[in-house]
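The values are calculated or read from the model by the stated rules, or taken from the named source; none is laboratory data. Just so we're clear, the structure is a prediction, and the values are computed from it rather than from any experiment. Here the Cβ positions follow ideal geometry from the backbone for every residue, glycine too, while neighbour counts run over all protein chains shown.
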Amino acid sequence: MEGRRVSLLAGVRTAAELVRLSHTVFALPFALMALLAASRGWPPPAVLGWVLVAMVGARTTAMAFNRLVDHALDAANPRTAGRHLPRGVVGRPSVWALAGGGAALLVVAAWRLNPLCLALSPLALGWVLAYSFAKRFTALSHLWLGLSLGLAPIGAWLATRGALAAPPVALALAVTCWVAGFDVLYALQDEAFDRARGLHSLPARLGAGRAIAVARTLHALAAAGFAAFALLVGAGPGLWLGVAAAAVLLIWQHLLVAPQRLERLDTAFFTANGALSIVMFGLYALDMMLAAWAP
């Protein structure tokens, strides 16, 4: 029995590592921000729970499918050759099962939320799955990925309100530009590989210098989008402080990265961007708590 428990835990850990479940931190806080804004406070526990299930399901199916589609590329790229599929740690049938399980979680969660979410779930799934092929034919694949995460606040808003409005659209556009910008920076380390393989990344198309300039523009637009969301929801001081902190973190990651200076790319990618989403959500949640406690 103990051996089975250890084996099960090891399998769960391997699955979480394969789909980079920890990277849910990039989109989840913004989904929760939209949820708070749509609910004008704390959402009902059932809605919160099913939104979390939907987020985990979407992340799992998208990343598992991406690993399947990119299996051969990952094996050929020295940076990614150590991933689970190229190393043979897991087999393709297991990853297919993981992708199918994630898709099922998303659809069930959408069904439990409302009919509109259920009706839109195949479109959301189609978009995030198709991203895995985008870099094979368009240099706009970074924006494709950005919108895949930008759909999170829209989905959370629809889960509560059942209709679209300006605040989640502003937040979705901000998240889209933010993710696309840092994905361009992350792609710098694969510039030569992408060019040799005919893959369409902006660094491969434009070169590192001009790709970084595009990333800076996208991050400026992201900062403007975060500010627009704050205006539309009538933000308190907490969220405005979060918007300012986001701008500082965006500037910081661009100070860390230059065409000939990529050694701190992981700090820019993981630390700065992970902190950005968590800080913004935390300060907005603080606004909500203070408003609820106000006499």
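If I filter the range 226-238 for residues that are touching a Phe, Trp or Tyr at 6+ places or on another chain (Cβ under 7 Å), within 22 Å of Leu151 (Cβ to Cβ) and not hydrophobic (A, V, I, L, M, F, W, C), do I get at least one hit? Checked against the condition, which is being touching a Phe, Trp or Tyr at 6+ places or on another chain (Cβ under 7 Å), within 22 Å of Leu151 (Cβ to Cβ) and not hydrophobic (A, V, I, L, M, F, W, C), the range 226-238 yields no hits at all. Identification of helices (runs of 4 or more DSSP H) wholly contained in the range 184-273 with 2 or more residues that are surrounded by fewer than 16 Cβ atoms within 10 Å (Cβ to Cβ) and more than 21 Å from the chain's Cα centre (by Cα) yields 191-197, 208-232, 237-256. With respect to the conditions (1) at pLDDT below 95; (2) buried (at least 16 other Cβ atoms within 10 Å of the Cβ); (3) in contact with a Gly (Cβ under 9 Å, 6 or more places away or on another chain), Ala291 lacks only one, and its number is (2). Take the conditions (1) over 15 Å from Ser148 (Cα atoms); (2) under 22 Å from the mean Cα position of the chain (by Cα); (3) assigned to a helix (DSSP H, G or I); Ala54 misses just one of them, which is (1). Out of (1) modelled with pLDDT under 90; (2) touching a helix residue (DSSP H, G or I) at 6+ places or on another chain (Cβ under 7 Å), what's the single condition that is false for His23? Every listed condition holds for His23 apart from (2).
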